[in-house]
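Presented below is the structure to which this report refers.
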Amino acid sequence: MFTGIVEELGEVARTTETGGDSALVAIRGPLVTTDARHGDSIAVNGVCLTVVDVDGGVFTADVMGETLRRSALGALRPGDPVNLERAAALNSRLGGHLVQGHVDGVGEIIGREPAAQWETVRFRLPAALSRYVVEKGSITVDGVSLTVAEVGDDWFAVGLIPTTLKLTTLGAKGVGDPVNLEVDVLAKYVERLLGDRLAGGPALPGGAVVPGGEI
């Protein structure tokens, strides 16, 4: 579990195809590797990856075909910057929102509007995800926890402050660039529970029924 607060702007050191549709990715991240061990989780542009090796400030991770298909990681090349975040600790502050590191789809930057102290950035999102995005709600873009400022049928906009522009990949990306999107997991749970309720609710052992019926 993550919070969407990027700890470090890392860099792709190398990518190696490992057969089939999988790959081994090496990421340079001096901060996130200070206490990284085999089996730890690190989010790379919002994608939860498992560390398989750490060597001199560089960690490597296996990327499965499913991850490559559902995210923009397959487009990464050596030298590309990436947003990095270690898994959240139970005793740490939750500065962003609950982020799983499970990408729901790939969006695209469709507009940037600079202002005096911030920048408005618009993204196109897959139609299947639009129902989970609401004004003032949370969304994760390339691993960055953001608040939705505006929303349309197939797009949403956020306001990026100078810190976010400087310390994440979102400051350098341009129109047409892909981004990993993860919607608020709470919205998906609410949808599932409401769907069960409208359908009469699933039966529990002993004949009890949850939301949608009487216990």
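Every number in this text was worked out from the coordinates using simple rules, so none of it is lab data. Please read these numbers as outputs of a predicted model, since none were measured by experiment. For neighbour counting, all protein chains shown are included, and Cβ atoms are generated from backbone atoms with ideal geometry for every residue, glycine included.
For the chain, what does -39500 (n - 2.57) per DSSP helix run (n ≥ 4), summed and divided by total residues, give at 222 nm, in deg cm²/dmol to the nearest 500?
Values: 3 runs with 26 residues, N = 215.
Helix-only estimate at 222 nm: -3500 deg cm²/dmol.
What shape does the chain have by the C-alpha gyration tensor, where a ≥ b ≥ c are the square roots of the eigenvalues, rounded means a/c under 1.5, and otherwise prolate means a/b greater than b/c and oblate the rest?
Numbers: a/c = 1.86, a/b = 1.32, b/c = 1.41.
Judged from the Cα gyration tensor, the chain comes out oblate (a/c at least 1.5, b/c at or above a/b).
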Legend entry - Pairwise centroid distance, computed over Cα atoms, of the stretch 124-199 with the stretch 36-94, Å: 20 Å
Inset, instruction - Working from Cα positions, state the angle (0 to 90°, nearest 10) between the long axis of helix 185-198 and the longest principal axis of the chain. - result: 20 degrees
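Using the Cα gyration tensor of the stretch 114-175, with a ≥ b ≥ c the square roots of its eigenvalues, what is the shape: rounded (a/c below 1.5), prolate (a/b larger than b/c) or oblate (neither)?
Numbers: a/c = 1.87, a/b = 1.74, b/c = 1.07.
In terms of gyration-tensor shape, prolate.
Can you bin the stretch 61-183 into rounded, prolate or oblate? Criterion: square roots of the alpha carbon gyration tensor eigenvalues sorted a ≥ b ≥ c, rounded for a/c under 1.5, prolate for a/b above b/c, oblate for the rest.
Numbers: a/c = 1.24, a/b = 1.16, b/c = 1.07.
In terms of gyration-tensor shape, rounded.
Once you have the Kirkwood Rh of the stretch 23-95 from its Cα pairs, apply Stokes-Einstein at 25 °C and 0.890 mPa s and quote D in µm²/s. Mind dumping the intermediate values first?
Values: Rh = 12.7 Å.
Using the Kirkwood radius from Cα pairs, D works out to 193 µm²/s.
Asp35 to Asp153: FRET efficiency via 1/(1 + (r/R0)^6), r the Cβ-Cβ distance, R0 35 Å, to the nearest 0.05? Before the final figure, lay out each step's value.
On the way: r = 44 Å, r/R0 = 1.25.
That pair, Asp35 with Asp153, gives E of 0.20.
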Legend entry - GNM result for the chain, Cα springs below 10 Å: residue of Ile27, Ile161, Ile42 fluctuating most strongly: Ile161
Inset, instruction - Straight distance only, please: which lysines reach the Cα of Lys188 with their own Cα at less than 22 Å, same-chain residues fewer than 8 apart left out? - result: Lys136
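Based on the Cβ-Cβ distance of Asp55 and Arg112, what FRET efficiency does E = 1/(1 + (r/R0)^6) give at R0 = 35 Å, to the nearest 0.05?
Details: r = 37 Å, r/R0 = 1.06.
After rounding to 0.05, the efficiency reads 0.40.
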Legend entry - Taking the stretch 1-155 and dividing mean pair separation by its residue count, relative contact order in percent (alpha carbons under 8 Å, at least six apart): 27 percent
Inset, instruction - Would you work out the charge dipole size for the chain about its Cα centre, treating the Cβ of every Lys and Arg as +1 and the Cβ of every Asp and Glu as -1, and quote it to the nearest 20 debye? - result: 200 debye
Legend entry - the stretch 1-80: trypsin sites (Lys or Arg not before Pro) in DSSP loop, at most 13 other beta carbons within 10 Å: Arg37
